[in-house]
1. List every residue whose amide H lies under 5 Å from the amide H of residue 47, counting only residues 5 or more places away in sequence or on a different chain, with H placed 1.01 Å from N in the peptide plane.
2. Leaving out ligands and nucleic acids, note down the accessible area per residue over region 49-113 with a 1.4 angstrom probe, in whole Å².
3. If you add up the charges near residue 73, with Lys and Arg at +1 and Asp and Glu at -1, over every other residue whose beta carbon is less than 14 angstrom from its beta carbon, what do you get?
4. Order these peptides, 19-28, 61-70, 150-159, 115-124, by their mean beta-carbon neighbour count within 10 angstrom, highest first.
5. How charged is the neighbourhood of residue 13? Take every other residue with its Cβ under 12 Å from the Cβ of residue 13, and add Lys/Arg as +1 and Asp/Glu as -1.
6. What is the sum of charges around residue 111, taking Lys and Arg as +1, Asp and Glu as -1, for the other residues whose C-beta is under 12 Å from the C-beta of residue 111?
Amino acid sequence: RGGARQSLVYGEVEFDSFSEVLLRAADGLSPAPRAADGPGPARRVFYDLGSGTGRAVFTAALTLDFDELVGVELLPQLHAASGRLAGRFADTLQRNVCLSSRVRFERGDVTEPSVSWADADLVFANSTCFDDDLLQAIAAKSEAMRPGTRVITFTCALRTLQFRVVYKKRLVAGWGPATCFIHQRLTPGEVEHRLGHPTEYDGDQGVVVPPVGGEEVDDEADMDSQAVLTAGTASEVSSAAALGFDDAGPSPSDVASESSVRAASDGGW
């Protein structure tokens, strides 16, 4: 289907702007303990859903102190490229700067039951070209995450009452402007409060409902949202599509051509 093929459109994050997003998402991140967490510091886990050649995963490894970073990618050529880059990352950067994080990449479909990120503290989905079915699947599966954990998306917020948007801002991505949404998983009490109040979605799909205690969404992000509403998320999807893909979306071979994967593996990313 055209929508499903559009979800395979491939774009990369920019290191500087994505590092800023990661730092913002990690600020105040205090998820509930995992059942597996024993005495001592809790294990911190990052997931990238649709990880491509791994750029967002490597950026997170260099920016934040995660114990484990996992990239999940459907397309075999991009997954293979990320594996090669992971070897280079371990042999050079990880060894030279003494990073102890474990980086791994899985090939899989994030909509399948076998793929889970319920153990994540922070999740990223470069979702500008994701179709509605894929976005809804990610939203539904993210509800298995623990209270206090966070999910970052681009262009479209998650349509779920289990999360609230705590920050949003326009930033520069590899294909042009993109709106970043940072969502936080609510506690059972917060979910109950939300279900007891009429809930609306604003024009860019951010959930609009006051959280318990009256805390407001970040002021800077709220001001930025006015520009988002003016520009419209459709322009962001158009910017990504303008990379050369038609309205029907690309085929997997268009997305992951051997030349583009080779360029990434040679350090062009």
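The values are calculated or read from the model by the stated rules, or taken from the named source; none is laboratory data. Here the structure is a predicted model, which means the values were calculated and not measured. Virtual Cβ from ideal backbone geometry, glycine too; neighbours counted across all protein chains shown. Keep in mind that these areas ignore ligands, DNA and RNA; they rest on the heavy atoms of the full protein, side chains included. Shrake-Rupley method; radii C 1.70, N 1.55, O 1.52, S 1.80 Å.
1. 70, 122, 123, 124
2. Value returned for region 49-113: 45 Å² of accessible area per residue.
3. It works out to a net charge of -1.
4. Going from most to least packed, we get 150-159, 115-124, 61-70, 19-28.
5. Here the count lands on -4.
6. Its environment carries a net charge of -3.
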